[in-house]
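Bear in mind these aren't lab numbers, they're just calculated from the coordinates by the rules spelled out. Nothing here was measured: the structure is a model prediction, and the numbers come from that model. In this analysis, Cβ positions are derived from the backbone assuming ideal geometry, glycine residues included, and neighbour counts consider all displayed protein chains.
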Amino acid sequence: MSSLRENSLYELTATRFRLFLREPEALFWVFIFPILLAVGLGIAFRNRPADVLRVGGTTPDLVQAMSASNGLNPILIDEAAGTHELAIGRIVLLAVRRPDGVAYKYDETNPDARNARLLADQAVQRAAGQTEAVRSSNDLVHEKGARYIDFVVPGLLGMNLMGSAIWGLGFSIVEARQKKLLKRFVASPMPRWQYLASFLLSRLLMLVIEVCVFLGFARAVFGVPFRGSLWELGFLCVLTSLSFSALGLLIASRAKTMEAASGLMNLVMLPMWILSGVFFSATRFPAVIQPLVHALPLTAAIDALRANMLEGIVLSHLVGPVAVLFAWLVVPFMVSLRIFRWR
Amino acid sequence: MALSVENPVPESLAASTNTAAGPALSIKGLRKTFADVIAVDGIDLEIMRGECFALLGPNGAGKTTTIEICEGLTAPDAGSVSLLGLNWHYAARDLRQRIGVQLQETQFPEKLTVEETLRLFRSFYRRGTTVEDVIGLAQLEEKRRSRVGTLSGGQKQRLAMACALVGDPELLFLDEPTTGLDPQARRHLWDLVDHLRNAGRTIILTTHYMDEAERLCDRVAIMDHGRIIALGTPQQLIASVGGDHIVEFAVTTHDGDSNPLDGAMLTAIPGIQSHRVDAGLHQLSVGELHTTVPRIFSALADLGLKPSEFRTHSATLEDVFVRLTGRNLRDE
C-alpha cells in the first residue's frame, strides 16, 4: 500500500472516472445538455422590448387616438369582423364606438388584453382632452438578477446535480450487479465501503467540473449574478450532490435489472422535476401540497441555490433547506447500507 | 448477505493455529436448500494441498452452490466449511486475501483495458504477483491495452483467471472455466490450468465436461442431485465401471428384424463386467478387448444375430456417470 497506484480506494475511484469519461452519452447529459437548456431558455425568455399589442377600433378617430400610444398597434375594423379577430387571438382588444362613448371588448384573464385596455383607454381619454393631474416620467431599468434566466439557472443547476448523481450512481451499480461484477468484487478482498465511497469521491470530483462549466457559462453569456458567498454556494452544491447520491444509492440498492432501476429513477425524479420549481416558482402549487413540495430534496436545493445566488442570503439563514438536504443525505444512506444487495 | 458459516465446528478453530499443513479444504455435512429445491444434500469432502480437484456433474447437480459456499459467497443451511484450516465465520478477511475466485458469468467493465482491470484487482490484495507477470501467465500480452469489450470469449475467460490469480492465491476456485468456449480456446485454458497445477497450486474447479475433469484433475467428485455419487482419481473411477473398455453395438437378425437380446446371456460371457441398453444400443464394459470381442461375435453368431454399429472405446468418466445414474452427462 506504499504508493497511490496500489491503493484500492484510488484505483476504484480512478476506475469510476475512466468509465465515466469513456461514455460519450454520459458526458453529453452531464456537461452539454444543461448548457444547451440554458441557452434555449435564455433565448426563449430573453428581455425583448415591450410587446406592441394589436388592437382594433371600429372608427377612424378611435384608431387615430390609440395609435398615439406606442404600446398599441391599432387597425380599423368593423365590430363583427373585429369580434371574430378577437376570438381567434389576432387582436387582444376591440374598441367599439357607442353613442354614449366607447366600449372595450377583451378577455380580462389575459394580461396582455388588460394592458391593452389600460393603454387604449388612456389614449382615448387623452385624445378627448384629458390632462394628467400629476406629471409623471419613466425611468427604465433592466436589473440583472430579476430576469427569467437568473431564476432558471439555479433551477437547472439543482436539476443537473440531481440527474448526474442519481443516474451516475444508480445505473453503474445496477449494471455491475446485473453483470455479476458486484459478486466478483465481494469474492475479492475489496473493502465494501471503498466501493461505495469511490462513487461519492468520483462524484465530488466531477461536480467541480460540472458546476464550474455550467455556472461559468451562465456568468459569461447571461451575466447571471452571484450575490452570495461562493464558498457557501460550493458547499450547497456538494451537499446537494451528496444527498442525491445517497438517494441514487438507495434506488440502486436492491434493483436487479437496468429496467427496474430506470423505472425507479423516473418515479423518484419526475415529481421533483414538476414540483420543485426548476422552471417556475414552486409557490404556484396549492397550499395543501406545499409541505410536501418543501420536503423534496430538489425544492430544498433549488431554494437554497436561488437564495444564495440571487439574494445573497448567508448560509446561517438557510437552515431549513440545508436541514432538509441533510435529512435526505443521512436517511437514504443508512437505509441503503442496510438493504444493499451485493449479488 | 451473511457470509458466516453456521454451527462452526470447534476443530476448525483449533486448526486455525496450524495453517501450513492439513487439508486445503474440508467440508462436513453441507446442505443448502433454495425455496423448495435441495441444491446441496449432505456433502463431505476433503481436498489436499497441491491437489487439482474437479466437481463433475450435469447442470443443476449443485456444483456451483457447493463451490460458492466454499468461496464464502453463500451461507449453507447446515454443515461446516474450513479452508486452509480457517473458517469463514472467523477469518473471512484473511481468507479473501488467500483465495482466488473465478465465478461463472462475471462480465468485467467493457470500457476498461485488460491492464486497468488487473491493476484494479491487484489493488485489493496486500500481496500478490505483479500485473505484468499475471498478464504474461494468462498470455494476454498483446491485449494488455485492449478494452475488455473487444476480447474474444477465451481471452475474457483468461482475464477472469488472471483476476483470480493476481493475489497469488493458495487456493484457486474455478467455476465452469471453459463453458461456452470453442475447442481451441478450451485447450488454451487447459494449458494454463496445467501450468498452475504443475506449479503446485491447489485448484478446485467445477465442470460438466468429463474430458476436462479427466485431463486436468488429480481427483474427481461426481455430483448428481446435490450429492457426491463417486469420488476418486479418474483412473479409479473408470476402473470402478468394471472394465477399461466399452463395447457398443446394435443387433439385427439375419432377416433384418431388430432383436431383443437378453442381457443375462451377454454378462454370462467371460470378460464382460456389465451390460446396459441405451436407445437400442448395447453397451458392455469389458476388461480385455482381444479375448472378449471374439467371444461376443461367436455368441451372437450362435444366436443367428448380426451385430451392426460395432465399436469400442476406452472407458471414460462419462461411462462412470452413465453407470451410476443411468443417464448421460451431456443430455442434461
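With springs only between Cα atoms under 10 Å apart, run a GNM on chain A and tell me which of A:Ala146, A:Ala187, A:Ala327 wobbles the most.
Comparing A:Ala146, A:Ala187, A:Ala327 in a Gaussian network model of chain A, the most mobile one is A:Ala187.
Please state the relative contact order of chain A as a whole percent: Cα pairs under 8 Å, 6+ residues apart?
Relative contact order of chain A: 19 percent.
For region B:18-63, how big is the tail of P(r) above 13 Å, as a whole percent of Cα pairs?
Cα-Cα pairs in region B:18-63 separated by more than 13 Å: 65 percent.
How much of the DSSP beta bridge set in the protein assembly as shown is antiparallel, as a percent to the nearest 5?
65
Two decimals, Cα atoms only, Kirkwood Rh: what is Rg/Rh over region A:64-180?
Ratio of gyration radius to Kirkwood radius: 1.35.
For region A:53-127, divide the Cα radius of gyration by the Kirkwood radius and give the resulting Rg/Rh value with two decimals.
Ratio of gyration radius to Kirkwood radius for region A:53-127: 0.91.
Hand me the trypsin sites (Lys or Arg not before Pro) from region A:201-295 located in a DSSP loop with no more than 16 other Cβ atoms within 10 Å, in residue order please.
In loop regions of region A:201-295 (DSSP not H, G, I, E or B), the sparsely surrounded trypsin sites (Lys or Arg not before Pro) are A:Arg227, A:Arg254, A:Lys256.
State log₁₀ I(q)/I(0) for region B:187-332 at q = 0.10, 0.14, 0.20 Å⁻¹ as given by the Debye formula over alpha-carbon point scatterers of equal weight, solvent excluded.
-0.43, -0.74, -1.17
Per the Kirkwood definition applied to all pairs of different Cα atoms, how many angstroms is the hydrodynamic radius of region B:242-314?
Result for region B:242-314, one decimal place: 12.1 Å.
Quick one: in region B:10-238, what % of C-alpha pairs are over 29 Å apart?
Above the 29 Å cut-off, region B:10-238 has 25 percent of its Cα pairs.
State the Cα centre-to-centre distance between region B:96-117 and region B:193-237 in whole Å.
Taking the Cα centre of each part, region B:96-117 and region B:193-237 sit 23 Å apart.
Distance from the Cα centre of region B:293-332 to that of region B:118-190, in angstrom?
41
Using the Cα atoms of region A:210-280 to build a convex hull, what is its mean projected area in square nanometres?
6.2
Take every DSSP beta bridge with both residues inside chain B and express the antiparallel ones as a percent of the total, to the nearest 5.
Beta bridges within chain B, antiparallel portion: roughly 70 percent.
By the gyration tensor of its Cα atoms, with a ≥ b ≥ c the square roots of the eigenvalues, what is the shape of region A:289-343: rounded for a/c under 1.5, prolate for a/b over b/c, or oblate?
prolate
Just want to confirm a number: the relative contact order over chain B, from Cα pairs under 8 angstrom separated by 6+ residues, in percent.
19
Quick check: Cα centre of region A:297-314 to Cα centre of region A:221-269, how many Å?
What the calculation gives is 15 Å, centre to centre.
Connecting C-alpha atoms closer than 10 Å in a GNM of chain B, tell me which of B:Gly154, B:Gly280, B:Gly271 has the biggest fluctuation.
It is B:Gly280.
For the protein assembly as shown, take every pair of Cα atoms, bin their distances at 10 Å starting from 0, and report each bin as a whole percent.
3, 12, 16, 15, 13, 11, 9, 6, 6, 5, 3, 1, 1, 0
Across 10 Å bins from 0, what is the distribution of all Cα-Cα pair distances for region B:73-204, in whole percents?
Using 10 Å bins, I get a P(r) of 12, 42, 34, 11, 1 for region B:73-204.
Considering Cα pairs under 8 angstrom that are at least six residues apart, work out the relative contact order of region B:60-169 and quote it in whole percent.
31
Debye sum, Cα scatterers, chain A, no solvent: what log₁₀ I/I(0) at q = 0.12 1/Å?
-0.90
With a 10 Å cut-off between alpha carbons and a GNM built on chain B, which of B:Met210, B:Met265, B:Met48 moves the most?
Largest GNM mean-square fluctuation: B:Met265.
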